[in-house]
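To start, the structure under review is shown below, and the notes come after it.
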Amino acid sequence: MSDQGPSTSVAVPASLREVMARFTTGVVALTVGGEHTHGMTANAFSSVSLEPPQVLCCVAHSAVMHKAITSERRFAVSIMGADQEGLARYFADKSRPLGPPQFASVDWRPGPRTGAPLLAGALAWLECELADCHDSGDHSIFIGSVLHSLCGPGGQGLLFFDGGFHAGATAGR
């Protein structure tokens, strides 16, 4: 580590987006089935606990996904591969159709435990039931109890860094 201090200081929250852009994250697609079918690209996702198995995702209060998760109380996570950048961009595009039509041109299957769309070609999938929700600032932290998990055949992960998508390390067995 360098002994050098910060080169510049800018008021928070103006610089928070710039600072967080320097933290590499994985990319997932959150999906909900049922009456509130919806998909959303996210990078605010993490494992919480192995016992009991839990994960978390953070969703803006203003996002369509926020209402979908709170209404259905079940969601799925597709961990995106590097070759799925186009799909990640699609589910991040606010101009795409809403509801079931947004999945019309997407290859997916319903999750066996939640019915939420599991995106074909993902590196891995999780199906979750909402265990807890914490409001924090302009987002909610949704904690999901993992009901089902499955790994795909492997491949490079899709990463988000410095405002763009990048290929990550290769997964495989």
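The values are calculated or read from the model by the stated rules, or taken from the named source; none is laboratory data. Treat the numbers as computed from the prediction; the structure is a model and nothing was measured. We place every Cβ from the backbone using ideal geometry, glycine too, and count neighbours over all the protein chains shown. Remember, those area values only see protein heavy atoms, side chains included, never the ligands or the DNA or RNA. Shrake-Rupley method; radii C 1.70, N 1.55, O 1.52, S 1.80 Å.
The figures follow:
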item: Failed criterion for Trp108 (all others in (1) among the hydrophobic types (A, V, I, L, M, F, W, C); (2) open to solvent by less than 30 Å² (accessible area, probe 1.4 Å); (3) in contact with a Pro (Cβ under 7 Å, 6 or more places away or on another chain) hold); result: (2)
item: Condition check for Gly164: of a type outside the set (S, T, N, Q), modelled with pLDDT under 95 and within 15 Å of the chain's Cα centre (by Cα); result: no
item: Flag for Pro117 being closer than 23 Å to Pro53 by Cα and open to solvent by 80 Å² or more (accessible area, probe 1.4 Å); result: no
item: Criterion: at positive phi and free of Cβ contacts under 8 Å to residues at least 24 places away in the same chain - qualifying residue of Gly121, Gly99, Gly137; result: Gly137
item: Spans of helices (runs of 4 or more DSSP H) in the stretch 1-101 with at least 2 residues at pLDDT 95 or above and among the hydroxyl-bearing types (Ser, Thr, Tyr); result: 64-72
item: Pairs with Cβ under 6 Å, 6+ apart, first in the stretch 54-77 and open to solvent by 30 Å² or more (accessible area, probe 1.4 Å), second part of a helix (DSSP H, G or I); result: Ser71/His36; Glu72/Gly34; Glu72/His36
item: Filter result for Asp83 (open to solvent by 30 Å² or more (accessible area, probe 1.4 Å) and within 19 Å of Pro153 (Cβ to Cβ)); result: yes
item: Selection status of Phe165, of a type in the set (A, V, I, L, M, F, W, C) and open to solvent by 60 Å² or more (accessible area, probe 1.4 Å); result: no
item: Matching residues in the stretch 124-154 - criterion: being touching a helix residue (DSSP H, G or I) at 6+ places or on another chain (Cβ under 9 Å), among the hydrophobic types (A, V, I, L, M, F, W, C) and either open to solvent by less than 30 Å² (accessible area, probe 1.4 Å) or under 24 Å from Ala171 (Cα atoms) (or both); result: Leu130, Phe142
